[in-house]
1. Could you list, in sequence order, the residues of segment 95-126 that are farther than 21 Å from Q51 by Cβ, of a type in the set (D, E, K, R) and assigned to a loop (DSSP other than H, G, I, E, B)?
2. Every residue in segment 1-35 that is in a loop (DSSP other than H, G, I, E, B) and under 12 Å from L79 (Cα atoms), please.
3. Given the condition in contact with a Cys (Cβ under 9 Å, 6 or more places away or on another chain) and touching a residue at least 40 places away in the same chain (Cβ under 8 Å), answer yes or no: does some residue in segment 30-42 qualify?
4. Does Q51 satisfy the condition of being in contact with a Pro (Cβ under 9 Å, 6 or more places away or on another chain), closer than 29 Å to E107 by Cα and not basic (K, R)?
5. Would you pick out the residues in segment 163-185 that are at pLDDT below 90, open to solvent by 70 Å² or more (accessible area, probe 1.4 Å) and not in a loop (DSSP other than H, G, I, E, B)?
6. Identify the residue in segment 1-60 that is over 25 Å from I179 (Cα atoms) and acidic (D, E) and, among all such residues, is least open to solvent (accessible area, probe 1.4 Å).
7. Can you tell me which residues in segment 15-38 are closer than 18 Å to I84 by Cα, over 17 Å from the mean Cα position of the chain (by Cα) and polar (S, T, N, Q)?
8. Can we say T8 is of a type in the set (S, T, Y) and at pLDDT below 85?
Amino acid sequence: DLIEILNTSALRLNDFAQSSLIITDLRTVPENFKTQAINLRDIMVKIIGKQKIALDEKKIRYNFNCSIVNPTMVGNENLIKTCITHLLKNAINYSPEGQTITILCTEKEGSLMVSFEDNGPGFSENALKTLFKPFSHGEEHIDKNKGLGLMLVKMIIDFHHARILVSNKSDHGARVELIFDRTDP
């Protein structure tokens with residue numbers, strides 16, 4: 001049990017350090033993040049594959065649909081992977097066992113849209129006010145949340161001159177939408 005706790009702590013520390021480094025680089029040397037044409041569908045498929053164990057452990061099903069004929073955009077591939085990974089991990093962490101996560105890639109009015117929907121508790125009113133601030137958990141307790149994930153996601157979205165919309169679904173659960181301007185490479 002102690003070794004598992006130590007391993008979990010080491011992994012959390014590594015995630016925290018990696019997030020902190022990216023945040024620092026985005027603030028100080030954003031020009032170091034080169035952009036190129038990237039295929040959004042390919043990135044999504046790889047990330048979902050890497051999260052298969054976490055999905056299976058919680059018996060979470062996922063619906064992934066990318067209806068875009070040419071899901072190519074200009075961006076930094078590593079940053080986009082980090083952003084999408086954080087959002088998918090959040091959806092998994094906050095979804096009850098046996099639920100379904102919906103991940104969609106669509107195109108609307110020339111923009112690429114990626115959305116994540118879960119059936120978890122959704123965001124509290126306090127969380128909705130402080131989502132993109134560092135170390136804000138939204139609740140008065142400590143959990144697996146490092147408090148940097150959504151701040152980092154927002155910084156990555158800002159780097160790409162994109163938008164992020166966060167809301168609660170009317171029945172229950174949360175929705176996070178990323179909207180990227182379509183720039184044909």
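The values are calculated or read from the model by the stated rules, or taken from the named source; none is laboratory data. Small disclaimer: the values here were computed from a predicted structure and weren't measured. Don't worry about glycine lacking a Cβ; one is built from the backbone with ideal geometry, like all the others, and counts go over all protein chains shown. Only protein heavy atoms, including side chains, enter the accessible area calculation; ligands, DNA and RNA are left aside. Shrake-Rupley method; radii C 1.70, N 1.55, O 1.52, S 1.80 Å.
1. The one that is farther than 21 Å from Q51 by Cβ, of a type in the set (D, E, K, R) and assigned to a loop (DSSP other than H, G, I, E, B): E109.
2. Passing the criteria: F33, K34, T35.
3. Looking through segment 30-42, at least one residue is in contact with a Cys (Cβ under 9 Å, 6 or more places away or on another chain) and touching a residue at least 40 places away in the same chain (Cβ under 8 Å).
4. On the way: in contact with a Pro (Cβ under 9 Å, 6 or more places away or on another chain): no; closer than 29 Å to E107 by Cα: yes; not basic (K, R): yes.
Taking the combined requirement at face value, the residue does not satisfy it.
5. D181
6. Among them, the one singled out is D15.
7. T35, Q36
8. For T8, the condition - of a type in the set (S, T, Y) and at pLDDT below 85 - is met.
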